[in-house]
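Report on the following structure.
The values are calculated or read from the model by the stated rules, or taken from the named source; none is laboratory data. The model shown is predicted, which means the values in this text are computed figures rather than measured ones. With ideal geometry, Cβ positions are generated from the backbone for all residues, glycine too; neighbour counts draw on all protein chains shown.
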């Protein structure tokens, strides 16, 4: 009758020995699971990877900052880049889309994928929402999702650097809403970007009532309450100023900045007689920001206020090429 307790005792001893082996075994580094770009990384993880064209990879990224939503990020990869981006880290250009666009806008509407000077650069084109405004939404003072700024500047940045070949050597450019985003990120995250370019950017939404009403109209897109984004422009003026590049101009004086815009009249890429009140408004905003940067002593500002021209892709493609020498010089990329 004593055999059963002995067997149980031996079993317990074996289990204890196994447990001791597991506990004493060397553990992996704390961030080892994050370095392959497929594991959770401070709230973001890659859940799918799709090759869409030569040198074009789409990452499906699930984000805690976006409330668990999965969005896509398009990468235009440099020569020599390998899946997973292991081994080498590349100078990185973040290229931001505008309102009503998405992560495919730049490759779908311009020749960026065929631009030879970008073959030594990793180009990151993230989803930013139809009208996300590159902001962590105010949400009536409660914060929370969507937090586009947190997604881009924290979650996605770390994910790309730890698993997809992005380096901390970064510049940023964008059009319209994305032009505002480019300047916001550069100003609100000092040192994150070495240069910034805005093409027809919404760079001073507090300029006047017309500008405020126009951006509130964009905020209301897709049935959203416009007050969710930055709140009321009077009651929450501080929130608005914190997302207005004009009011952040003092934080942009230490890096090269490129500003371009048309005046809203018919230009070389428009039909005769075309007018564009949106571009005219953004032109006034850009002129105001350029003057404020000059007043604050910025020494590395390039402006191209080219007169006739509307709010369209032909101009933004041209301005991307015009600003690339500045952006690539900041990255120390020569080609």
Q. Looking at 258, 246, which is the one that is closer than 27 Å to residue 327 by Cα, in contact with a strand residue (DSSP E or B) (Cβ under 6 Å, 6 or more places away or on another chain) and not in a loop (DSSP other than H, G, I, E, B)?
A. 258
(Q) Suppose we filter 138, 106, 94, 130 for residues that are under 29 Å from residue 244 (Cβ atoms), over 12 Å from the mean Cα position of the chain (by Cα) and surrounded by 23 or more Cβ atoms within 10 Å (Cβ to Cβ); which single one remains? (A) 106
Q | residue 274 touching a residue at least 40 places away in the same chain (Cβ under 8 Å), surrounded by fewer than 18 Cβ atoms within 10 Å (Cβ to Cβ), over 15 Å from residue 182 (Cα atoms) and in contact with a strand residue (DSSP E or B) (Cβ under 8 Å, 6 or more places away or on another chain) | A | no
Q) Taking the range 303-329 on its own, how many of its residues are part of a helix (DSSP H, G or I), touching a strand residue (DSSP E or B) at 6+ places or on another chain (Cβ under 6 Å) and either without any contact (Cβ under 8 Å) to a residue 60 or more places away in the chain or crowded, with 20+ Cβ neighbours inside 10 Å (or both)? A) 4
Q) Can you pull out the residues in the range 176-211 that are part of a helix (DSSP H, G or I), under 23 Å from residue 235 (Cβ atoms) and over 12 Å from the mean Cα position of the chain (by Cα)? A) 188, 209, 210, 211
Q: Residue by residue through the range 284-293, note down the ones that are within 22 Å of residue 320 (Cβ to Cβ) and either in contact with a helix residue (DSSP H, G or I) (Cβ under 7 Å, 6 or more places away or on another chain) or without any contact (Cβ under 8 Å) to a residue 60 or more places away in the chain (or both).
A: 285, 287, 289, 290, 293
Q | Criterion (modelled with pLDDT of 95 or more and in contact with a helix residue (DSSP H, G or I) (Cβ under 6 Å, 6 or more places away or on another chain)) met by exactly one of 238, 297, 273, 264 | A | 264
Q: With the checklist (1) under 18 Å from residue 196 (Cα atoms); (2) crowded, with 18+ Cβ neighbours inside 10 Å; (3) touching a residue at least 12 places away in the same chain (Cβ under 8 Å) in hand, flag the one item residue 296 doesn't pass.
A: (2)
